[in-house]
1. So who's got an amide H within less than 5 Å of the one on LEU111, skipping anything under 5 residues away but keeping other chains? H placed 1.01 Å off N, in plane.
2. In region 276-366, what GluC sites (Glu not before Pro) fall in a loop by DSSP, with at most 13 other Cβ atoms inside 10 Å?
3. When the scattering of region 1-58 is computed by the Debye formula from its Cα atoms alone, each counted once and equally, what is log10 I(q)/I(0) at q = 0.30 Å⁻¹?
4. What number, in percent, do you get for the relative contact order of region 345-432 if the mean sequence gap of Cα pairs under 8 Å and at least 6 apart is divided by its residue count?
5. Using modelled amide H (1.01 Å from N, peptide plane; none on Pro or chain starts), what sits under 5 Å from the amide H of GLY171, excluding residues fewer than 5 places away?
6. In whole Hz and in residue order, list the ³J(HN,Hα) couplings for region 34-51 that follow from phi through the Karplus curve 6.51 cos²θ - 1.76 cosθ + 1.60, θ = phi - 60°; x for Gly and Pro.
7. Taking all pairs of distinct Cα atoms, average 1/r, flip it, and tell me the Kirkwood hydrodynamic radius of the chain in Å to one decimal place.
8. List the trypsin sites (Lys or Arg not before Pro) in region 329-366 that DSSP assigns to loop (not H, G, I, E or B) and whose Cβ has at most 12 other Cβ atoms within 10 Å. Which are they?
Amino acid sequence: MTHPPSASLLDTFANLLGSKGFSVDPGVMAPWLTDWRGKYHGRAAAILSPATTGEVASIVRLCAEAKVALVPQGGNSGMVGGATPDTSGEQLLLSLRRMNRIRHIEAAGQLAVAEAGVILENFHNAVLEHGLRFPLTLGGKGSATIGGLVSTNAGGTQVLRHGSMRTLTLGIEAVLPDGSIFDGLAPLKKDNRGYDLRHLFCGAEGTLGIVTAASLRLVPAAPARRTAWIGIDSPDSALLLLRRVDAAIGRELEGFELIPHSCLDAVLRHIPQTRAPITARHPWYVLLELAGESDQTLGEALEQQLASALDAGLVRDVVIAKSDRESEDFWRLRDSISEAERAEGPALQHDISVPVDLMPAFITENPVRLSLAFAGARALSFGHLGDGNVHHHVQPPVDADGVAWLAEHGEAVSRLVYSHALELGGSISAEHGIGQMKRDILAELDSPARLSALRGIKDGLDPDRLFNPGKLVV
Ligand SMILES: Cc1cc2nc3c(=O)[nH]c(=O)nc-3n(C[C@H](O)[C@H](O)[C@H](O)COP(=O)(O)OP(=O)(O)OC[C@H]3O[C@@H](n4cnc5c(N)ncnc54)[C@H](O)[C@@H]3O)c2cc1C
């Protein structure tokens with residue numbers, strides 16, 4: 001049972017954090033009370049923005065004593081409503097954005113310690129100055145923070161080669177629900193002290209405490225990269241291409257994104273200054289990127305692979321970026337899909353994964369199942385084919401009132417999509433997490449054993465349900 005914060009507790013926070021770190025002003029709070037997609041709207045008693053780990057610990061201790069609920073938030077770019085408080089107005093929004101210091105960058109050891117509020121794009125730029133690269137990127141990089149990325153175990157477009165946040169997080173510092181500070185930042189290669197708290201916090205979505213900093217693995221800045229935009233017939237052909245390229249030059253293969261023509265079309269319609277890399281229309285495109293030491297070697301390897309794929313009739317058309325600028329333009333098309341799709345109007349977004357080899361089957365079969373059950377429903381899949389992860393979106397029939405159609409059929413549509421993914425041995429959440437959006441469907445469709453373990457961990461660490469209540473598990 002949680003309580004609203006008393007007036008005296010709010011005064012204590014105001015004194016502790018000062019005017020930069022505390023506000024009850026509705027205008028200040030408003031942008032942070034709705035999620036990026038505009039699907040979830042909440043209210044909060046106040047927004048707290050601590051600047052140090054010590055301040056976070058004090059806030060947590062006071063909230064634990066008074067049994068007040070906290071909703072941690074980073075850049076608010078999450079896709080599952082995880083950072084949006086409920087509508088009671090009794091919860092406190094805990095923004096980590098002021099904790100935005102990169103504590104150190106260790107060039108020789110190829111690691112950096114960054115606080116929770118460091119924005120991903122700023123982190124990329126900072127480590128680049130040391131000749132290093134943080135090999136995780138995504139469309140929300142201008143707002144997503146290290147704390148949010150850790151807490152959602154974010155993926156993105158380079159997971160194929162470098163792994164998701166869980167792989168790249170070498171250590172964490174976190175404030176636990178009783179207000180104690182867990183200092184696990186040391187990047188130990190071996191550490192067998194029982195359960196791995198670092199891994200537990202990766203993907204915990206703020207339900208087990210507050211991540212205040214992380215030690216992150218870096219790689220040398222790749223001096224060369226080659227990017228190709230490829231027109232292709234089908235997801236099956238894309239998978240065959242992936243297998244060929246992976247077998248021949250897998251060490252350099254860093255990105256392999258699948259994009260249907262309808263997504264490209266939406267980007268061209270809604271995002272200014274974008275243009276199609278290939279003039280002819282193809283049903284699907286692959287955005288492929290290699291990164292490595294030598295521009296010439298990469299270029300030759302890529303040309304050879306794509307020429308033989310063209311000869312074999314596996315691909316229809318190819319453009320290789322001639323400059324970094326052109327390569328950025330290709331990526332901009334990919335990274336703008338979510339924004340363009342948001343502009344297209346209401347839709348149901350599903351971030352699912354299945355074993356890579358089964359992905360073409362999912363992409364082609366699911367729309368058929370959907371149209372049999374829901375006449376006129378339009379499905380499109382795009383994303384990280386190499387990771388067995390696509391974003392599978394369902395739009396209402398063209399002539400339907402979109403909002404009303406989604407209200408009537410949305411839950412059943414999502415159940416059909418998720419059941420199909422599970423039938424193929426997949427997951428209802430590949431990289432976005434569960435949040436409030438998938439909490440009930442996880443409980444309904446996923447294994448009772450998983451649910452019971454998740455609940456047991458939650459009960460053990462946060463028995464009063466003060467941390468991000470209503471998200472992930474109840
Ligand atoms: C255009 C666009 C493209 C995207 N593409 C991708 C993609 O390719 N792959 C991908 O994985 N994601 C993608 N995302 C989703 C999003 O960027 C990630 O989920 C990101 O990790 C969220 O970071 P954030 O700082 O915005 O977290 P928020 O949205 O603020 O929070 C996300 C969750 O983490 C919790 N949280 C935040 N900070 C902390 C903390 N310090 N301690 C404890 N809990 C915390 C919140 O309570 C919430 O549950 C995309 C988003 C956008 C807008």
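1. For LEU111, whose amide H was placed from the backbone, the distant partners under 5 Å are GLU106, LEU218.
2. In loop regions of region 276-366 (DSSP not H, G, I, E or B), the sparsely surrounded GluC sites (Glu not before Pro) are GLU293.
3. One equal scatterer on each Cα of region 1-58 leads to -1.21.
4. 45
5. Answer set, sorted by chain and number: SER215.
6. So the J values, rounded to whole Hz, are 10, 7, 4, 7, x, 8, 10, 10, x, 9, 9, 6, 6, 10, 10, 10, x, 10.
7. 23.3
8. Here no loop site has a sparse enough neighbourhood.
None of the figures in this text is laboratory data; all of them are computed from the coordinates on show. Predicted, not measured: the structure shown is a model, and the values here were computed from it. Note that each Cβ is placed from the backbone with ideal geometry, even for glycine, and that neighbours are counted across all protein chains shown.
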